[in-house]
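Structure record follows, encoded as structure tokens.
The values are calculated or read from the model by the stated rules, or taken from the named source; none is laboratory data. Every value quoted in this text rests on a predicted model; they were computed, and no experiment measured them. Only protein heavy atoms, including side chains, enter the accessible area calculation; ligands, DNA and RNA are left aside. Shrake-Rupley method; radii C 1.70, N 1.55, O 1.52, S 1.80 Å.
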Amino acid sequence: MNRLERPELPIRQDSAAAKAPDLDVHHEAEAIAYRRDRLLAALTLIAGAGLAVALPFALRAGAEFFLPVTAALVVAIALVPLLEWLERRGLPSGLAAFACLTLFVVAANVAIASIVLPAAEWVRLLPDRIGRIRDTLQPVLEIYSDLERFINDIVEEFGSSAHSARTVQLETPNSMLDIIATSAPHAAIQMFFALLVIFFFLSGWTAMRRRTIVARASFDGAMTTARAIQQVVDATSTYLGTITLVNMAMGLVVAFLLWMLDMPTPLMWGGIVAVLNYIPYLGPIASVLLLALGGLMAFTDPWYAFLPAVAFAMIHLIEANVVTPMLVGRRLTINPLLILVALSFWAWVWGTTGALLAVPLLIIMKTVLDAAGRPDIAGFLFEEGTLTGTHHEEHEENRAP
């Protein structure tokens, strides 16, 4: 028995030795494939970084085209639920899109008329009211002068004597008529172009979404695409719809309180704070400053003049800390740091309009990235992984028996 078994040992050794080169070749092929993935990921990362650096300047330089298109697309996405509701009632896509566009135009014109026309009168009165504002602020300025005099006396006691006089020059602002006359034709063209984009986007929304989903090569890809589209629409429309209702309610409450305080044109001030509240953090600060200026223009008592700004600040604290988190915070949780970065970025690119679009654009990009997957940049840089998050060690573990 032993003699018969002895020849089998070298046969097994020879088969194991024959498999060893095949394993080495397989490991080498996987290593080459991994290095190729690393190279492609590095090129993709470099191209993405270059695009991220160049894109803001391109958007800023091409603001005449990109701004109305982007604003129109955000508005159109927010109107999609209303479009789908009308289509489910039997309206054709074109007629439903026209109804949505008409409703948006009417609401925008009512808001603009209630804000711009009274605001033009306030701007016209500003040069004449500067002296009144100075007289109203005289008690506050006297307190400041006494404090400054006290500080100067202390500084002089320590031997510092030189201080330079400051000159403040007030210039009369340009008339609202001149501003409108120079900017109206260009603004009208951009507005008309944006309305066309909204209409054609809405009228072709159903067919475009169907083609996008059907064009996927697999069922899983089609379901992922459909889910991503629906999440973008739901998140954007939910945020804009909820914030619009909250801002309108807050504007009405502010207008009512200002009416009780005998503030002129309370509806205009309510509309201003409602619009500015779309801009996180900076919008309420601007509302407080404008209300303080308006109070100084309307009232002679300095302490009573600041009541409109104080009333709005109290209402905003309740809205920002109770109402909005209760309605929006549970469904749309966004890092405040991301909001600040997006706000500063879009405000730098497109000014006030960019600041208004900052949060909706952030929601759209965040929703798309959550559906499509985010690149693992930290893993690629520090853990020998690829941008998809796979690591070389994981391949070793998968090969282990």
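For the range 214-347, what class follows from the C-alpha gyration tensor (a ≥ b ≥ c being the square roots of its eigenvalues): rounded when a/c is under 1.5, otherwise prolate if a/b is larger than b/c, else oblate? Write out the running numbers ahead of the final one.
Working: a/c = 3.30, a/b = 2.81, b/c = 1.17.
Verdict is prolate for the range 214-347.
Let me check something: with ligands and nucleic acids excluded, how do Thr212, Thr236, Thr352, Thr206 order by accessible area (1.4 Å probe), largest to smallest?
Putting Thr212, Thr236, Thr352, Thr206 in descending order of accessible area: Thr352, Thr212, Thr206, Thr236.
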Hz values of 3J(HN,Hα) by residue in the range 101-113 - Karplus curve (6.51, -1.76, 1.60), Gly and Pro given as x: 5, 5, 4, 5, 5, 4, 5, 5, 5, 4, 5, 5, 5
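Would you mind classifying the range 31-125 by shape? Square roots of the alpha carbon gyration tensor eigenvalues, ordered a ≥ b ≥ c; an a/c under 1.5 is rounded, otherwise it is prolate if a/b is larger than b/c and oblate if not. Provide the component values of the computation, followed by the final result.
Working: a/c = 4.86, a/b = 1.66, b/c = 2.93.
The shape class here is oblate.
Put Met208, Met191, Met250 in order of accessible area, largest first, 1.4 Å probe: what do you get? Let's see the in-between values first.
Numbers: Met208 70, Met191 110, Met250 10 Å².
Largest accessible area first, the list is Met191, Met208, Met250.
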